[in-house]
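Everything below concerns the one structure shown next.
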Amino acid sequence: MEFNYDYCKVSADYIRSKINFEPELGMILGSGLSPLAAEIEDALEIPYSEIPNFLLSTVATHAGKLICGRLAGKNVVCMSGRFHSYEGYDFRQLSIPVHVFKILGVKAMILTNAAGAVNMSYKPGDIMIIRDHMMFSGMSPMRGANDERFGPRFFDVSKMYSPQLIQTAQECASGTDLTVHQGVYFFMQGPQFETPSEIRAIRLLGGDAVGMSTVTEALTAAHCSLPVLGFSILTNMAAGITDKPLSDEEVNEVGNMIADQFSDYIRTVIEKI
Ligand code: HPA
């Protein structure tokens with residue numbers, strides 16, 4: 001199966017047939033971040049299962065629906081619940097949502113995730129604006145036949161996370177009680193959390209946060225020339241930093257704890273971009 005432009009256009013045409021506006025902003029929200037989706041006005045919710053050629057979310061805490069409407073004065077299409085490599089999708093399939101958004105006409109992507117803090121100066125409940133990422137799995141969502149309608153075979157990713165959007169997000173941080181860092185997101189495939197040795201290695205390499213998502217979406221966006229703004233909610237200190245075993249309960253608990261504050265912060269960012 002070729003997950004190319006024609007394939008993604010089937011999903012995009014279906015979504016377009018349901019909405020009566022031009023989306024400006026695409027959003028993909030990670031675990032426990034659905035409160036923000038609930039603030040979308042005039043919302044039309046489309047379950048992923050209804051969208052032809054789309055993927056299905058298998059994680060309980062990921063809602064699995066596309067929410068279309070207005071947020072902070074912008075027309076948005078928002079995925080509440082995302083797809084991950086650990087669910088069994090290959091990297092190429094993970095390019096589908098961003099490509100569908102591109103065909104729908106969005107001009108930028110906001111990506112959020114829950115992540116473990118590798119940087120010792122970070123605390124659970126802090127936010128990290130993603131300045132860059134590292135992924136050494138050797139895979140790419142752009143592996144395989146290149147569809148020039150999206151972008152060129154070889155493409156630059158040195159400013160994948162838009163410096164302009166990062167600056168705006170950092171400026172908005174002064175209006176919130178959240179502690180907002182900028183740092184490097186390190187991708188690990190999961191679903192197991194990392195070993196303490198892996199976390200020490202990631203820190204040596206320059207990673208500030210670790211997580212199991214986002215990079216395929218950011219790379220797909222870079223390939224089709226969509227600027228990206230990415231946020232990690234640091235839900236826990238990464239493995240081995242404290243004695244406590246890691247669990248998705250903890251991840252969701254901390255995510256939920258700051259969800260309202262985070263939603264307010266993202267709203268102000270969206271107003272400014
Ligand atoms: N590691 C990987 N993914 C995560 C973590 C973590 O510590 N916390 C939340 N998502």
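The values are calculated or read from the model by the stated rules, or taken from the named source; none is laboratory data. All of these numbers come straight from a predicted model, not from anything done at the bench. Positions of Cβ are generated from backbone atoms using ideal geometry, with glycine treated the same way; all protein chains shown enter the neighbour counts. For accessibility, only protein heavy atoms count, side chains too; no ligands or nucleic acids. Shrake-Rupley method; radii C 1.70, N 1.55, O 1.52, S 1.80 Å.
Rolling a 1.4 angstrom probe over the protein heavy atoms with all chains in place gives the chain an accessible area of 42 Å² per residue. Heavy atoms only, probe 1.4 Å: what % of the accessible area of the chain goes to carbon and sulfur, would you let me know? On the chain, the fraction of accessible area on carbon and sulfur atoms equals 51 percent.
Write down the percent of antiparallel bridges among all DSSP beta bridges whose residues are both part of the chain, to the nearest 5. So the antiparallel bridges in the chain amount to around 35 percent.
Charged neighbours of Asp90, selected by a Cβ distance under 14 Å, balance to 0 (K, R count +1; D, E count -1). Amide hydrogen proximity for Val118: with H placed 1.01 Å from N in the peptide plane, the residues at 5 or more positions away or on another chain lying under 5 Å are Ala209, Val210, Ala238. Helices in the chain, meaning DSSP H runs of at least 4 residues, each add -39500 (n - 2.57). Divided by all residues, the mean residue ellipticity at 222 nm is -9500 deg cm²/dmol. For region 193-273, the mean projected area of the C-alpha convex hull, equal to one quarter of the hull surface, is 6.7 nm².
For region 177-233, what is the relative contact order in percent, using Cα pairs closer than 8 Å and at least 6 residues apart in sequence? After rounding, I find 37 percent. Shape descriptor for region 1-124: Rg over Rh equals 0.98 (Cα atoms; Rh from the Kirkwood inverse mean 1/r).
Highest average first, the peptides 185-191, 140-146 ordered by how many other beta carbon atoms sit within 10 Å of their residues are 185-191, 140-146.
Rg over Rh for the chain works out to 0.94, using Cα positions for both radii and the Kirkwood form for Rh.
Across the alpha-carbon atoms of region 138-273, the computed radius of gyration and Dmax are 16.7, 50 angstrom. The distance from the alpha carbon centre of region 18-54 to that of region 66-106 is 8 Å, rounded to a whole number. Working note: Debye formula, equal point scatterers on the alpha-carbon atoms of region 232-272, no solvent; log10 I(q)/I(0) at q = 0.16, 0.25, 0.32 Å⁻¹ is -0.50, -0.83, -1.07.
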